[in-house]
Amino acid sequence: MDFLVFVYQSNPILAAMKALSILFTLGLFSQIAFSQGQLSGVVNDKSSQKPIEFASVALYKSSDSTLLNGGITDAEGKFLIDNLPQGSYYAMASFLGYKTLIISSIQLSKNEKKPLEPIFLSSDLQELQGVEVQGQRISTDFQTQKQSFSADNFESSKGGTATDVLRNLPGVSINAEGQVAIRGSSGFVVMINGKPVQGDPVGILGQLPANAIEKVEWISSPSAQYDSEGKAGIINITTSKGSTDGLFLQVNTRAGLPSIENYDNAESQKRFGGDFNLNYVKDKWDISLGGSYQRNDQSGRRVGNVITYSVDTETHFPSNGERSINELNYSGRFTLGYTPSANTNFTLGFYAGVRDRVRTADILYFDNHRVVNGQRTPPFQYFNANDQNRRGDFVLGSLDYNHTFGSKAKLSSSFLYEYTMLGGPTINRNLGYPNLSFVYQDEYNTNDNPLNGVRWNLDYTFKPLSIGQLQAGYQFRYLNHVGDFFYERKNNETGLFELVPEFSSEVNLNRLIHAGYLQLNKSIKNWSYGVGVRVEFMNRDFQLQDKRNTIDTLYQYNYIRPFFSGNLAYQAKEDLTWKLNFSQRVERETTFKMNPFPEREHSETLEQGDPNVLPEFIDQLEGGMIKTWKDNSFFATAYYTRVKNLVNRVNTVYNDSILNRIYSNVGIGQSVGLEMGSELFFTQKWKGFFGGNVYRYSIKGDFDNRPINQSAWVYSINFNTTVILSPTLTTQFTFNYLSNRVTAQGEDSRFYQPSLNVKKSFLDNRLSLNLQWLNMDLGLLRSNEQRITTFRPRDFYTTTNYIYEVDMLIVNLSYTINGSKNRSKFVKSEFGEKEF
């Protein structure tokens, strides 16, 4: 067990943490010593009635218009300005895209704590460049701790999922396997409407229809009140919502035209589906119902070569064949909200569905040979038919409670229970070629691994204090994940499948987490800061048995550890803000990455985990600026990230023709980079969005008694431009690019995806038709294609080029009734999606 430590030795970010602590201490003493009068209030959007976060409220003396103090609103639109002497004042409330509002004739008595009437800001039509006429509007909002992106303005995502919206964020990259990474890291937490979930990002975001999303937020440096998990911070998905009673209904359909390229795949790919979102609000009741059915196949090929070395022998086995994916998702969601009073709210939610994904890799190994003492042996050819099926059936239920007291203190609680049945076989058959009726090897490995998870949160926000806004909370999380992993091989003489014990196992993972936190936020004139600590206790028991009953081992790991966070912001001008953030986080392991018994992924590949794998611990420091002018915006953030116990997939040689992929801790990973983003309105009918990230990434450590020392520059570009051809016709071009990047044992090549979207609206924008041209190529580019190379001198060399479908044509049709009245919110997976 690691014990509670408040100072980490050799921590390069310790100085920044100390500086923020000193700042907090000085601010605390100043508030206690000079506390006088206070002004408080809330800032809302006038049309939607929703609170506006990070709006500025400045207080001026009525006598000479001298700026006295100010504040910035929190996530609920609330602000507090204190240390005020008695007198006559006026306030000025402002935020990007809204008209500045002046609140006059504010009289404050000695030591008075005065609440102002709610402040409502109206959209500035001049800044929004004629949104009522042209349809253009600001789609980004860059803030000190997060970036916010409106889903409506990313037309290429229509009919898709949250992943298609996410790919537009600066610093975000998506590779050929669909893995989402932020600043080069694939570990991050997803929240739905501010509620934390803990599923795999690809799984969670891939289930949520893009049409139901209002905006996507990335919190790069979360405070202590957020869960500590996630190397790259938190993605918060906000579903569309309104403010008035009534009925909202949106129905979307999606159909893909026949594939232009089939890559000689055995079956043609299917792309079709639909989803609906129904929301009814009346008085105290809020009812949401949603359903989705999506078939989203993708054709492709895989071309590779593997060389293994053993003393004086080289074994070569090049390959070429199908690498396609058939994916089917269907789900239903239901939420019931009840608001008995303005200060109290209950929400009951259910979510159930099925995700079925089949990866087909039918590969011809066409020139397999050995070179022994410089002499080449005759080639040997065979055909590997390989299907990997992953299915997840899940049911979730949640109950949430929120109450605001008269003192403006707030209590909230959230309970989630999840049951997921994960499973699905992998079929691996090595056949003769060209005589496919001859069977060399027929193998089948499957598993049934049910998962039960419970999460309970209790959070309390204290009434406004002179020292600032204080929050405290507790979280309980429990996971039980068991599994029977059977690996069977057909006896060619008897025709019966027989158990292969060395590849078969039983696992039982129990993980218990208790966490508590304190967070303090404060605004003083143009300054705002926050400091927090989250203390977490984790206990992990991993029971492992083999099918021969010769292994029965309990692997235990636990820790008690604090996670510090701090943020500092200075608003130099109304349109210029500087920021400095610090956070510590953790990336916890999945059951799959802990099971040491191999699973046959391909003819040439086994895959396994490490039962002693340690969580990754992350330190991050970032600083930068946010600049706005008229309706344009720009941000730049420099950052440093250090990952201890970095987990990578690394290879060893199992035998002369099979590599063993192992997930294990390989050392320390570090990134130093610069991230930038800008939204620019070139004309009233033409705007562009640009996001870019460049960083130096290095890995230092060891694996299998060999040193690892890799480093390289990596960059990614996300570009989006929209042109309004008429009031009802728009076109949008999107380009996503990811450069080469290093891994512990090799390099992944560049990867890019250009897309074009044309949207036509009818019936006063209630009906819209979208035509998408995804992964544009025309035989001239190398879109949607990525090469992965790994090597270890005189041990192995492997390179594989994944070539996925290009020039995909998709038609989306959407019809909406009372679009302004949608406020649907749905519960999402906490545990099972991560294991999928």
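Got a sec to turn the phi values of the range 439-444 into Karplus ³J(HN,Hα) couplings, 6.51 cos²θ - 1.76 cosθ + 1.60 with θ = phi - 60°, whole Hz, x for Gly and Pro?
Coupling constants for the range 439-444: 9, 7, 8, 10, 10, 8 Hz.
Quick one: 3J(HN,Hα) in Hz for the range 706-718, Karplus 6.51/-1.76/1.60 with θ = phi - 60°, rounded, Gly and Pro as x.
With coefficients 6.51, -1.76 and 1.60, one gets 10, x, 10, 8, 10, 7, 5, 7, 10, 9, 9, 9, 10 Hz.
With 10 angstrom as the radius, rank R295, R794 by how many other C-beta atoms surround their C-beta, starting from the fewest.
Ranking R295, R794 by Cβ neighbours within 10 Å, fewest first, gives R794, R295.
Which far-off residues, 5 or more places away or on another chain, put their amide H under 5 Å from the one on S259, with H placed in the peptide plane?
Correct list: Q269.
Arrange the following residues from fewest to most other Cβ atoms within 10 Å of their Cβ: Y263, Y90.
Y90, Y263
Relative contact order of the range 396-480: what whole-number percent is it, with Cα pairs under 8 angstrom and at least 6 residues apart?
29
Whole number please: convex hull volume per residue, Cα atoms of the range 35-121, in Å³.
Once divided by residue count, the hull of the range 35-121 is 83 Å³.
Run through every distinct alpha carbon pair of the range 640-738 and return the Kirkwood hydrodynamic radius in angstroms, one decimal place.
Computed over the range 640-738, the radius equals 17.1 Å.
Could I have the simple spin-label model distance between Y401 and Y293, label points 7 Å from Cα toward Cβ, reported in nm to one decimal?
Distance between label points: 3.9 nm.
To the nearest 20 Debye, how big is the dipole of the range 35-121 about its Cα centre, given +1 on the beta carbon of each Lys and Arg and -1 on that of each Asp and Glu?
Roughly 140 debye for the range 35-121.
Pick out, from G332, P318, N262, the residue whose Cα sits farthest towards the positive end of the charge dipole of the range 254-346, with +1 on the Cβ of Lys and Arg and -1 on the Cβ of Asp and Glu.
It is G332, whose Cα lies furthest towards the positive end.
Treating cross-link reach as a plain straight distance, find the aspartates and glutamates whose alpha-carbon is under 12 Å from the alpha-carbon of K579, omitting any fewer than eight places away in the same chain.
The reachable aspartates and glutamates, counting only those whose Cα sits under 12 Å from K579, are E622.
Around Y433, which amide H atoms from residues at least 5 apart in sequence, or from another chain, sit under 5 Å from its own amide H, with H modelled in the peptide plane?
F383
List the residues, sorted by chain then number, that are 5 or more residues from N740 or on another chain and whose placed amide H is less than 5 Å from its amide H.
R750
Sort E267, E117 so that the residue with the fewest other Cβ atoms within 10 Å of its own Cβ comes first and the one with the most comes last.
Taking fewest neighbouring Cβ atoms as first place, the list is E117, E267.
Can you give the Rg and Dmax of the range 140-835 based on its C-alpha atoms, in angstrom?
25.9, 87
Output ³J(HN,Hα) for the range 697-703: one whole-Hz value per residue in order, computed from phi by the Karplus curve 6.51 cos²θ - 1.76 cosθ + 1.60 with θ = phi - 60°, and x for Gly and Pro.
Per residue, the Karplus-derived 3J(HN,Hα) values read 10, 9, 10, 10, x, 7, 8 Hz.
No lab work stands behind these numbers, since they all come straight from the coordinates. Predicted model, so just to flag it, every value in this text is computed and none were measured. Cβ coordinates were reconstructed from backbone atoms using ideal geometry, including for glycine residues, and neighbour counts include every protein chain displayed.
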